[in-house]
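We did not get these values from a lab; they are worked out from the coordinates using the rules stated. Bear in mind that the values here come from a model prediction, so they are computed numbers and not experimental data. Positions of Cβ are backbone-derived with ideal geometry, glycine not excepted, and every protein chain shown enters the neighbour counts.
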Amino acid sequence: MNNIADTTRHVDQTFWYITGFSLVFLFFITTVMIVFVIKYRRNIHPEPSDIRDNWKLELAWTVIPTVIALTMFYSGWSSYIGLRNVPPGAIEIDVEAQMFSWLFFYPDGKESKDLLVVPVGTPVKLNITSTDVIHSLFIPAFRVKIDAVKGMDTYVWFFPEKEGAFDLFCTEYCGESHSKMTGTVKVMAPEDYKKWLEEDD
Ligand SMILES: [Cu+2]
């Protein structure tokens, strides 16, 4: 079960990997720039030296950034693949976005509005569409976000690891009350989920 839940962590790892390199380079380049501006200022170094045809330097500044960029790509690509490959045994819930609410349809006919209820410890696949304009489903806690488009089926999947309530947003400006198009994901114990499914609306 553990590697299913790792999808979310892979997304975070990629984020920190890229942010980490960005910060290191920001400080490195800024420091070198400041040092050079002082050390090689015109009144000390009036004649600039010619550094053309330094193949070692050119090789280094080509190969090192290429390798770094490729590892960033690999990290992003592998976490993206994890987000797209739905594990077997996922519960499928249909999602309809509309101005300005989210409707959820469960396998046995139960429906809910602006509230997504799922059992803990089971992968969940959301099949998403829209009845009007373009919306976008965003559940930050599970690192998933995808457009809801009329006439098109999109999906996300996630693995709820622990019980609790998590925010759900529309993240595509869809009209006047877009900012009110929010909801909650409730992760329940499997018994409570079953009970909830059987309750009348
Ligand atoms: Cu919307």
>> Between 0 and 90 degrees, rounded to the nearest ten: what's the tilt of helix 2-39 against the longest Cα principal axis of the chain?
In response: 30 degrees
> Build a GNM of the chain with springs between Cα atoms under 10 Å: which of 74, 106, 40 gets the top mean-square fluctuation?
Replying inline: 40
>> What are the extents of the Cα atoms of the chain along their three principal axes, in Å, largest first?
In response: 84, 42, 30
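Ranked highest first by average number of other Cβ atoms within 10 Å, how do 131-143, 163-175 line up? Could you put the intermediate results ahead of the total?
Details: 131-143: 18.8, 163-175: 16.5.
Result, highest mean Cβ count within 10 Å first: 131-143, 163-175.
Stick to Cα atoms and the Kirkwood definition of Rh, then tell me Rg/Rh for region 2-84.
On the way: Rg = 19.4 Å, Rh = 16.0 Å.
Over the Cα atoms of region 2-84, Rg/Rh equals 1.21.
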> Any idea what angle helix 55-84 forms with the longest principal axis of the chain, computed on alpha-carbon atoms, 0 to 90 degrees, nearest 10?
Replying inline: 0 degrees
> Taking the chain as a Gaussian network, where each spring joins two C-alpha atoms under 10 Å apart, which residue of 72, 33, 152 fluctuates the most?
Replying inline: 33
> At what distance in angstrom do the alpha carbon centres of region 91-148 and region 1-78 lie from each other?
Replying inline: 40 Å
